[in-house]
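What follows is a single structure, written as structure tokens, with notes after it.
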Amino acid sequence: MTNNFEPLIIGFTCNWCSYRAADMAGTGREKYPPNIRLIRMMCSGRLDPMFVMKALSDGADGVMITGCHPGECHYLEQNYKALRRTILLKRTLGQMGVDPERVKLVWASAAEGVYLAKEIGIFVEEIREKGPLDWPSRKNPAISIVEKEEVSV
Amino acid sequence: MANSKTPSGKPRIGVYVCHCGTNIAGVVDVEDVANWSAEELKDIGVVLSRDNKFMCSSQGQELIESDIKEFGLNRVVVAACSPHLHEKTFRGACERAGMNPFFCEMASIREQVSWVTKDKKKATEKSKSMVAGAVNRVVYHEALEPIKVPINPTTLIVGGGIAGIQAALEIANTGHEVYLVEREPSIGGHMAQFDKTFPTLDCSACILTPRMSEVGMHPNINLLTWSEVENVDGFVGNFDVTIRKKSRCVIEEDCTGCGICVQKCPITVIDDEFGVGIGTRKAIYTPFDQAIPNYPVLDKENCTYFIKGTCRACEKFCATNAIDFEQQDEIINVTVGNIILATGYDLFDARKMPNYGYGRYPNVFTSMEFERLCNAAGPTNGEIVLRDGVTAPKSVAIVHCVGSRDKNHNNYCSAICCMQSLKFAHIVYERTGAEIHNFYIDIRTTAKNYDEFYQRVLDEGTLFVRGKVAEITDVPQNEAEEGKLIVQAEDTLAGLQRRIPVDMVILSVGLEPKGDSDEVAHQFGISCSSNGWFTEKHPKLDPVSTMTEGIFIAGCATGPKDIPASVSQGSAAAARVISYIEMGELELEPVRASVIEEICSGCKICNDLCPYNAIIFIEDKQVTEINEALCQGCGTCVAACPAGAIVGTGFSNEQILAQIEGLMMDFSVPEVV
């Protein structure tokens, strides 16, 4: 199954650090798998957990959230908020029957293009191991429970 | 589309796919991407789609302009390089054609696709999905006006070395006020410690001190030495800076700098700061004769009055009663529009390489110790002698790259050590006639007149051994080595091991970031490279700016460099600041958050999230409000609002959700056969 499986990964990046790390990876011609699609935000603190849910429910197999290293946030401390939200979000995903390890938080400074490229490579392989999430088409038991509850109300 | 919010105006989107010469087109089938976009994204509103050799060229920009006019485009997507490079360019093209520039979106298919992907087919697929994401996103863009912030014309410069001095003079000469903050008692930096500068062999003090006194007397420069920045708040145009002016125990207004206090002070200590342990100073001192400012500093740790409660000799002899033992640190608050950091460097600690014997063998010197030794104003009046203070060396070894180009210590080249070592070789030759051995890995003499200087030193008969020194020892193996320091190195050109006995060894130690560069970077909101040097906005095209608007960097704080390069950077940073001051106000990205009052439930969840205190709760209305002037646009509150009552311009929920959908559109990556 996993032989032909090409995971699709959505990456959320911070305008000040990880997006620039991606720029730097490009400038340095650091090769990484094409499976990731990056979205730029001003700060990892902008990450609404809804975005992750949207990505996974629309067909992504994994989501990578990247931001400035703790203590280096361009907006002083908003990456800590991203950290807390990510932990909560992963717990919620687990309760919904989605492997929480499909969401990964990576800190990458604007200088760490090589590191970011390496981390993307690692994450793509991790998700390849896990296989497709295939949320849009599969009958998700967690979702059906929610539907049942709604019916009972 | 799942998004409920209808976009403003029926979108008519133009897609432009750039070849970037072969940078993109060499990997991505740009024509295919353009054709695919025209076909598959028609329903979203793509009216036309083109590919072009160089979209950023004036021809490419004119293409966008004429298309906007001819085809009535109201949105533009450019698939090219990173928006950090050319977003401004394409927004400008849109604006010239009468479109609001914020209806332009970029897909970074060079940095994120062609440069990082091997497989051409997959690169093309990824490009398509990124264009789809951008097209889907741009539908939800709205017309925005840039935010304008006024620029306070006063500038703060941190660090009074040659880079900081240069920057201060450049700005002050245009008539604008400068605060120059220096941690040490005098400005001048490392350059004040040198004897001569390479390759011209100018006397360092002779060319530096006129600049220093110009700073000291300049009506527009507020010089704060023996001071440190404690805190920085605010943003470009309007930084609030707190400076601690450390107590000198000398009343500056009253001190004439006559030096009688220094003369009468009975305590003499080793000068570990300016004199790097070579030479002495008093407990009340100026670091060197031409110090600017020339009023002294009292060293409380060594002052008899502070230790035993008696003495006060300095106070007794001071004619103007300028000594004040009770003087406290002073806190100074200033408001500035821009900041230049020229905080300089530290030297590699040669003790970290115990095989070179520094600290164990008295006649192993560091480069800075040798600078002081050969300095005409130094402790020996420029006479080159061994640590005993009398014996002239008959043979000298100069070791290059100590701590540099060494994976155990610093992996980078310190840039100045080759020329510095050649300068030492010349000075030793000129003043002692001793035999000189240089141990080098490679000779790097790339700047103007540098290699000519190398040739000159070669002609003087200095010997060069290509090889890294393994060990410096005082254990002799034969009679000739008795009482000498023996330098053991592999001569990689001759292919043999050499043991060369010498009287004196000079270690050309490398340059390192300041020990507290991380803290300073954090304080000013900029970043450091993995080595610890301050990171430029762009290493080639914007080397004196940082990612933080209004904070500029110059000199060795950004990486090792020689004096001309530091001076150039000081001038460059000053030019950037002056242009901001002259502009009077700066346009910032209109990325801001605002609250839709009707939706806000007054839950206050967002109230504690803002690091800039831009969120205020209005008790009367029981709703939250965001102060646009304080908001920096991070979007944390937007993400936190459970009611979706906070809107973030430029990065709205609709825009990001639409982009996610777009990126998924080409999910079906073809099976690898």
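The values are calculated or read from the model by the stated rules, or taken from the named source; none is laboratory data. Everything quoted here is computed from the prediction, not taken from an experiment. Please note: Cβ atoms are built from the backbone with ideal geometry, for glycine as well, and neighbour counts cover all protein chains shown. Protein only, heavy atoms only, side chains kept; ligands, DNA and RNA dropped before computing areas. Shrake-Rupley method; radii C 1.70, N 1.55, O 1.52, S 1.80 Å.
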Quiz prompt | B:Leu458-B:Glu142 pseudo-label distance in nm [points 7 Å out on the Cα-to-Cβ vector] | solution = 6.9 nm
Practice problem: Any of B:Lys42/B:Lys126; B:Lys42/B:Lys69; A:Lys118/B:Lys448; A:Lys130/B:Lys118; A:Lys104/B:Lys10; A:Lys81/B:Lys126 with alpha carbons more than 28 Å apart? Name them for me. | Solution: A:Lys118/B:Lys448; A:Lys104/B:Lys10; A:Lys81/B:Lys126
Quiz item: Per q in 0.09, 0.12, 0.13 1/Å, what log10 I(q)/I(0) does a Debye calculation on the alpha-carbon atoms of segment A:9-152 return?
Solution: -0.28, -0.49, -0.57
Quiz item: Which value, in debye to the nearest 20, describes the size of the charge dipole of chain A about its Cα centre when Lys and Arg Cβ atoms bear +1, Asp and Glu Cβ atoms bear -1, and nothing else is charged?
Solution: 160 debye
Exercise. Keeping all protein chains in place, calculate the accessible area per residue for chain B (probe 1.4 angstrom), answer in Å².
Key: 42 Å²
Exercise. Compare the peptides B:547-560, A:107-120 by average per-residue count of other Cβ atoms within 10 angstrom and give them in order, highest first.
Key: B:547-560, A:107-120
Quiz prompt | Length gained when the stretch B:Leu201-B:Glu482 is fully extended (0.36 nm per residue, less Cα-Cα span) | solution = 97.6 nm
Exercise. Work out the charge dipole of the protein assembly as shown with +1 on the Cβ of Lys and Arg and -1 on the Cβ of Asp and Glu about the Cα centre, then indicate which of B:Ile656, B:His19, B:Gly309 is farthest towards its positive end.
Key: B:His19
Quiz item: Which distance in Å, rounded to a whole number, links the C-alpha centroids of segment A:4-71 and segment B:289-365?
Solution: 49 Å
Quiz item: How crowded by other chains is A:25-36, given as the mean number of beta carbons from other chains within 10 Å of each beta carbon?
Solution: 6
Quiz item: To the nearest 10 degrees, how steeply does helix A:18-27 sit against the main Cα axis of chain A, on a 0 to 90 scale?
Solution: 60 degrees
Quiz item: Listed highest first by mean packing, meaning other Cβ atoms within 10 Å per residue, what order do A:10-22, B:190-202, B:563-575 come in?
Solution: A:10-22, B:563-575, B:190-202
Quiz item: Ordering B:Leu347, B:Leu586 by how much accessible area each has at a 1.4 Å probe, largest first, what is the list?
Solution: B:Leu347, B:Leu586
Practice problem: Take every DSSP beta bridge whose two residues both sit in chain A, then give the antiparallel share in percent to the nearest 5. | Solution: 5 percent
Quiz prompt | Sites B:Glu628 and B:Gln523, calculated FRET efficiency, Cβ-Cβ separation with R0 25 Å, nearest 0.05 | solution = 0.40
Exercise. Report relative contact order for chain A in percent, whole number only (criteria: Cα-Cα under 8 Å, sequence separation at least 6).
Key: 35 percent
Quiz item: For B:Lys540, which lysines qualify as cross-link partners when the Cα separation must be under 19 Å and same-chain residues fewer than eight apart are set aside?
Solution: B:Lys88, B:Lys561
Quiz item: Just how large is the dipole of chain B about the Cα centre, in debye to the nearest 20, putting +1 at every Lys and Arg Cβ and -1 at every Asp and Glu Cβ?
Solution: 940 debye
Quiz item: So for chain B: antiparallel DSSP bridges make up what percent, rounded to the nearest 5?
Solution: 50 percent
Quiz item: For segment B:475-519, list residues with backbone N below 15 Å from a point placed 7 Å from the Cα of B:Lys394 toward its Cβ?
Solution: B:479-486, B:501-504
Quiz item: What is segment B:593-648's relative contact order, in percent, from Cα pairs under 8 angstrom and six or more apart in sequence?
Solution: 47 percent
Quiz item: Beyond 15 Å, what percent of the Cα pairs of segment B:247-328 remain?
Solution: 52 percent
Quiz item: Taking the Cβ of B:Gln488 as the center, what net charge do the other residues with Cβ under 13 Å away carry, scoring Lys and Arg +1 and Asp and Glu -1?
Solution: -1
Exercise. Measure off 7 Å from each Cα along the Cα-to-Cβ vector at B:Leu493 and B:Asn449, then give the distance between these two points in nanometres to one decimal.
Key: 2.6 nm
Quiz item: So how do A:Phe5, B:Phe439 rank on accessible area, 1.4 Å probe, biggest first, that is with the largest at the start?
Solution: A:Phe5, B:Phe439
Practice problem: Show A:Arg46, B:Arg466 ordered by accessible area, largest first, where the area counts protein heavy atoms only and the probe is 1.4 Å. | Solution: B:Arg466, A:Arg46
Practice problem: Kindly rank B:247-255, A:54-62 from highest to lowest mean number of other beta carbons found within 10 Å of each residue. | Solution: A:54-62, B:247-255
Practice problem: Give, as a single signed number, the net charge of other residues whose beta carbon lies under 14 Å from the beta carbon of B:Ile506, with Lys and Arg counted +1 and Asp and Glu -1. | Solution: -1
Exercise. Compute the FRET efficiency between B:Ile605 and B:Phe54 as 1/(1 + (r/R0)^6), taking r as their Cβ-Cβ distance and R0 = 56 Å, and round to the nearest 0.05.
Key: 0.70
Quiz prompt | Helix axis angle, A:78-95 relative to chain A longest principal axis, alpha carbon, degrees | solution = 30 degrees
Quiz item: Other chains' Cβ within 10 Å of A:105-118 residues: what's the mean?
Solution: 2
Self-check item: Charge tally in the Cβ shell below 13 Å around B:Gly337, where Lys, Arg are +1 and Asp, Glu are -1, B:Gly337 excluded
Solution: -4
Exercise. Can you pull out the buried accessible area for chains B and A, both sides counted, probe 1.4 Å, rounded to the nearest 100 Å²?
Key: 4600 Å²
Practice problem: Just the number, please: carbon plus sulfur as a percent of the accessible area of chain B, 1.4 Å probe, no ligands or DNA/RNA counted. | Solution: 49 percent
Quiz prompt | Estimated inter-spin distance, B:Lys88 and B:Thr256, nm [label 7 Å along Cα→Cβ] | solution = 5.4 nm
Exercise. Would you mind calculating the gained length between B:Ser530 and B:His218 on full extension (0.36 nm times residue separation, minus the Cα-Cα distance), in nm to one decimal?
Key: 108.5 nm
Quiz prompt | Rounded Å value of the spacing that divides the Cα centres of segment B:420-488 and segment B:523-596 | solution = 39 Å
Self-check item: Qualifying lysines (Cα of each under 22 Å from Cα of B:Lys352; at least 8 residues distant if same chain)
Solution: B:Lys407, B:Lys468, B:Lys514
Practice problem: Mind checking B:536-543 for the average number of partner chain beta-carbons within 10 Å of each residue's beta-carbon? | Solution: 1
Exercise. Pop the C-beta distance of B:Lys264 and B:Glu326 into the FRET formula with R0 = 30 Å and round what comes out to the nearest 0.05.
Key: 0.90
Exercise. Only bridges with both residues in segment B:346-512 count here: give the DSSP antiparallel percent, nearest 5.
Key: 40 percent
Quiz prompt | Candidate lysines - alpha carbon under 27 Å from B:Lys308, same-chain residues fewer than 8 apart omitted | solution = B:Lys245, B:Lys246, B:Lys264, B:Lys282, B:Lys300, B:Lys316
